[in-house]
Amino acid sequence: MSFNTSSEASSNALYTDLSGYYDLMCVDINYEAQSQTIQRLHQLFGNKGNRHLDLACGTGPHVRYFLDYGYQSSGLDINQPMLDIAQTRCPEAQFSLQDMCTFAVDEPKDLITCFLYSMHYSGEIARLKALIESVYNALSPEGIFCFNAVDKDKINNDSFVRHSADNEGSHFVFQSCWHYGGEGEKQSLRLNIEKTTDDETQIWHDEHPMVAVSFSELQTLLAPYFDVYMFEHDYDKIIPLDNASGNALLVCVKKS
């Protein structure tokens with residue numbers, strides 16, 4: 001079975017098809033370290049509130065950690081099967097089926113997160129602007145927005161991440177890489193997934209359309225709404241971003 005997709009809708013369909021394997025696909029991700037770092041940044045830059053929202057929350061692993069830290073944590077995603085898994089993982093949390101670029105909340109949040117470069121799923125600058133404005137409107141005074149991003153001008157198209165895992169009698173191979181053509185506001189996340197069971201292999205090929213921005217462009221988009229602090233994409237220590245780095249962790253404090 002092979003899927004060759006490029007639109008947002010079809011990308012979402014791929015995640016629906018693989019929702020039961022999403023956590024396996026992300027098995028190498030240290031959700032705890034990521035959550036602990038953002039909690040620390042929130043303690044340093046935040047308003048001491050504990051109302052948290054995770055954008056593009058997927059199956060809810062980050063929400064689970066923030067609940068355990070004592071936050072009133074919630075999540076949203078555009079994929080209902082993912083949210084069903086998240087609700088099972090975090091029965092005390094509130095989840096909603098919403099587009100992160102046009103979402104609304106019932107009460108202001110003190111911390112909004114967007115992990116795993118999911119901000120780039122906005123797809124184009126206009127929708128990224130809408131996401132930023134939606135976050136601003138959803139935050140309480142001096143609330144913070146934390147997310148990670150990649151600089152389009154520092155993408156190496158030949159670099160990729162690959163890992164394998166076994167689950168319930170099947171062998172999985174996952175590979176992902178960024179690709180940027182060198183101009184414009186579009187880049188892509190290319191995914192290749194293989195599932196082998198009893199010598200029968202299913203293959204998924206997918207290319208997700210992602211918004212491409214440089215860090216300077218991103219700072220310009222954020223500046224009317226937030227005071228922006230950029231750090232190395234390192235979940236072991238908090239250090240300012242080196243200008244040579246192509247990946248960053250951003251802390252954005254809502255302006256009054």
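Remark: the chain carries 47 Å² of accessible area per residue (probe radius 1.4 Å; ligands, DNA and RNA excluded). Answer rounded, prolate or oblate for segment 65-168, using the Cα gyration tensor with square roots of eigenvalues a ≥ b ≥ c: rounded when a/c is under 1.5, else prolate when a/b is larger than b/c, else oblate. It comes out oblate by the Cα gyration axes. Distance from the alpha carbon centroid of segment 185-239 to that of segment 129-144 works out to 21 angstrom.
Counting only alpha carbon atoms, the long axis of helix 125-138 and the longest principal axis of the chain meet at about 50°.
Relative to the dominant Cα principal axis of the chain, helix 8-17 is inclined by about 60°.
A simple charge model with +1 on the Cβ of Lys and Arg, -1 on the Cβ of Asp and Glu and nothing else charged puts the dipole of the chain at about 840 debye relative to its Cα centre.
Within the accessible area of the chain, what % is carbon and sulfur when the probe is 1.4 Å and the other protein chains stay in place? Roughly 47 percent, rounded to a whole number. Contact order, relative form, for the chain: 20 percent (alpha carbon pairs under 8 Å, 6 or more residues apart, mean separation divided by residue count). Residues Val211, Val161, sorted by accessible area with the largest first, give Val161, Val211 [1.4 Å probe; ligands and nucleic acids excluded]. For the chain, modelled as a GNM whose springs connect Cα atoms under 10 angstrom apart, the maximal fluctuation among Gly75, Gly182, Gly143 occurs at Gly182. Of the chain, which part is the longest with no trypsin sites (Lys or Arg not before Pro) in a loop (DSSP not H, G, I, E, B) and with at most 15 other C-beta atoms within 10 angstrom? My reading of the result: 49-236 is the longest stretch.
Residues Tyr117, Tyr69, sorted by accessible area with the largest first, give Tyr69, Tyr117 [1.4 Å probe; ligands and nucleic acids excluded].
Report summary: the helix-based calculation at 222 nm, which adds -39500 (n - 2.57) for every DSSP H run with n ≥ 4 and divides by the residues of the chain, gives -8000 deg cm²/dmol. Largest first, the residues Leu111, Leu44 sort by 1.4 Å accessible area into Leu44, Leu111. Within the chain, the longest run free of exposed loop sites, counting GluC sites (Glu not before Pro) that sit outside DSSP helix and strand states (H, G, I, E, B) and have at most 14 other Cβ atoms within 10 Å, spans 1-91.
Of all lysines in the structure, the ones whose alpha carbon falls short of 24 Å from that of Lys48, not counting any fewer than 8 places away in one chain, are Lys109, Lys237, Lys254, Lys255. Please label the shape of segment 145-224 as rounded, prolate or oblate, based on the square roots a ≥ b ≥ c of the eigenvalues of the alpha-carbon gyration tensor (a/c under 1.5 means rounded; beyond that, a/b larger than b/c means prolate, else oblate). Verdict is prolate for segment 145-224.
The values are calculated or read from the model by the stated rules, or taken from the named source; none is laboratory data. Just so it is clear, the structure is predicted and the values come from calculations on it, not from any experiment. Cβ coordinates were reconstructed from backbone atoms using ideal geometry, including for glycine residues, and neighbour counts include every protein chain displayed. In case anyone asks, the SASA skips ligands and DNA or RNA and just uses the protein heavy atoms, side chains included. Shrake-Rupley method; radii C 1.70, N 1.55, O 1.52, S 1.80 Å.
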